[in-house]
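Trainee: Structure provided below as structure tokens; questions to follow.
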Amino acid sequence: MDEFRTIAKLWPAGTELDLGTDSTNLTLTPPDSANFTRTAAPFVTSADGTQTYQFLFWNTGRHMTNKRKVIWIFSQFGWGIWTATRWYGTPGNGPPGQPRVRGDSFSLHGNELLSASTPIDGAASTYAGGAWPFNGDDHAIGTANAGTTVVAHEHMGAYDFAGWIRLIWGGDPTGDFVETDVGTSGSFGGSTFFDTVPAGTNPFTAAQNESDDLLAAYAPETVSIPIPFGPISWEKFLGGGFKIPLKGDPGPEDLLRLAILEDLIQRTRPGTPGGTEFQTLIESASRMTREELNRAKQSLQTTLDLGKSALRTIDSRLKPPAK
């Protein structure tokens, strides 16, 4: 069973706003489909009625948009709980002094400001001399003397760039943004859920004297490591006949270790109990019934016991022969 839900948060603190429940359970499988349309209110009031906040942007679950209206079209399913967030806040008085473009980084997966590091790649961006850092702030580029083309850093730690949005208080009331689950796999929020783009092909351009506040979206990087060694021959490996090449990039020793671990996992897996990978279990545990938890625990314990047996076998082969 999958679940689609929307929540609201306060920008930039991330405090969840209590605006009622919006959640729908889905029991569909392909080729079924499900469509949801949500339009963020331009203003909302806090639960105690003392504060009014203005819409800023959506984190749709895969992308960011300043459109107030979003349409979700689901056809893949199997992702668990899909959470979309509409962000609200209180507008300030605008940028002080000279005009500038400011950029901050946002984690699509974490649904929060990513870090204090600037997303602006000063070496790749274009601007007037001395315009960046703007008054010593590397998050901003001055536009008083010329326009700017802002290019984001391709990577932010373990995250990849996924596009810019311009923050508009009240959002964009025209048109809509369409979100889908096409191309996704695994549990919601994994690296396969997001679309990353080369930073150099997706710059933000601002004219002279223009002021903008931007968010650079970042998603967990997709790691794909080739294993060139093929299936491991344990007899050859343990007998000393397997030679590790001494040069190459990436490190061949690490690739060999990964191949060995992959083979061990496959050998110790007790059948295919339907998604017993550790990360999947961690993410799915909160949605399991007591009976499902007990079955998962039993299957996991069997896997761990088999893994221990494999380790004992390897250790026994590694011991020097008795004299």
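The values are calculated or read from the model by the stated rules, or taken from the named source; none is laboratory data. It should be emphasised that the depicted structure is a prediction, and the values quoted were computed from it without experimental measurement. Every residue, glycine as well, gets a Cβ built from its backbone with ideal geometry; the counts of neighbours run over all protein chains shown.
Trainee: Considering only residues that are touching a residue at least 60 places away in the same chain (Cβ under 8 Å) and out of contact with any Pro (no Cβ under 9 Å at 6 or more places or on another chain), look in the range 200-211 and name the one that is farthest from V101 (Cα to Cα).
Mentor: G200
Trainee: Would you be able to tell me the number of residues in the range 10-21 that are under 29 Å from D104 (Cα atoms) and assigned to a loop (DSSP other than H, G, I, E, B)?
Mentor: The number of residues fulfilling the criteria is 7.
Trainee: To continue, here is another question. Considering only residues that are in a loop (DSSP other than H, G, I, E, B) and in contact with a strand residue (DSSP E or B) (Cβ under 8 Å, 6 or more places away or on another chain), look in the range 155-170 and name the one that is modelled with the lowest pLDDT.
Mentor: Out of the qualifying residues, it is A158.
Trainee: So, one more: Could you please let me know if W11 is closer than 22 Å to F161 by Cα and either touching a Lys or Arg at 6+ places or on another chain (Cβ under 8 Å) or polar (S, T, N, Q) (or both)?
Mentor: no
Trainee: Something else now. For V70, state whether it is over 20 Å from K9 (Cβ atoms) and either acidic (D, E) or touching a Ser or Thr at 6+ places or on another chain (Cβ under 9 Å) (or both).
Mentor: No; evaluated as a whole, the condition is false for this residue.
Trainee: Within the range 40-55, is even one residue within 22 Å of the chain's Cα centre (by Cα) and not hydrophobic (A, V, I, L, M, F, W, C)? Give the steps one after another, and end with the answer.
Mentor: Filtering the range 40-55 for residues within 22 Å of the chain's Cα centre (by Cα) gives none.
No, the range 40-55 contains no residue that is within 22 Å of the chain's Cα centre (by Cα) and not hydrophobic (A, V, I, L, M, F, W, C).
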